[in-house]
Amino acid sequence: QVQLVESGGGLVQAGGSLRLSCAASGSIFSINTMAWYRQAPGKQREAVAVITKGGGANYVNSVRGRFTISRDNAKNTAYLQMNSLKPEDTGVYYCAARSEGSDYWGQGTQVTVSS
């Protein structure tokens, strides 16, 4: 079992920055991929960024060049640095982890970008 707790969401003006954190606990040594998803009001949840245990990262086109995903395996924490935020980045951001074939989710943190 893996438990994930997100933090760092909030309200920011367009063009601003936020840094989300995702602290993992439990069977952390079995975690392979970690990812950030988001769900905007009235829309389906979408994958924003993913990072492997070795540090390889990939992004959805809409955030590439503005967001950076990273992870500190020693601290069992993943991060999402979000720069040049746009109103369309508004949504609930969820951390996810894959471990031994199972997917685990955090409770989500709200990000609101005002125009």
* To do: Can you give me the ranges of the strands (runs of 3 or more DSSP E) entirely in segment 1-97 with at least 3 residues that are open to solvent by 30 Å² or more (accessible area, probe 1.4 Å), farther than 16 Å from residue 112 by Cβ and free of Cβ contacts under 8 Å to residues at least 60 places away in the same chain?
  => 18-26, 46-51, 57-59, 67-72
* Please enumerate the residues belonging to segment 98-115 that are farther than 20 Å from residue 64 by Cα and assigned to a strand (DSSP E or B). => 98, 99, 102, 103, 104, 105, 109, 110, 114
* To do: Working only within segment 98-112, note down all residues that are among the polar types (S, T, N, Q) and either farther than 16 Å from residue 37 by Cα or open to solvent by less than 30 Å² (accessible area, probe 1.4 Å) (or both).
  => 99, 102, 109
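The values are calculated or read from the model by the stated rules, or taken from the named source; none is laboratory data. Keep in mind that what you see is a predicted model, and the values were worked out from it rather than measured. Here the Cβ is made from the backbone with ideal geometry for all residues, glycine too, and neighbour counts use every protein chain on show. The accessibility values were calculated without ligands, DNA or RNA, using every heavy atom of the protein model including side chains. Shrake-Rupley method; radii C 1.70, N 1.55, O 1.52, S 1.80 Å.
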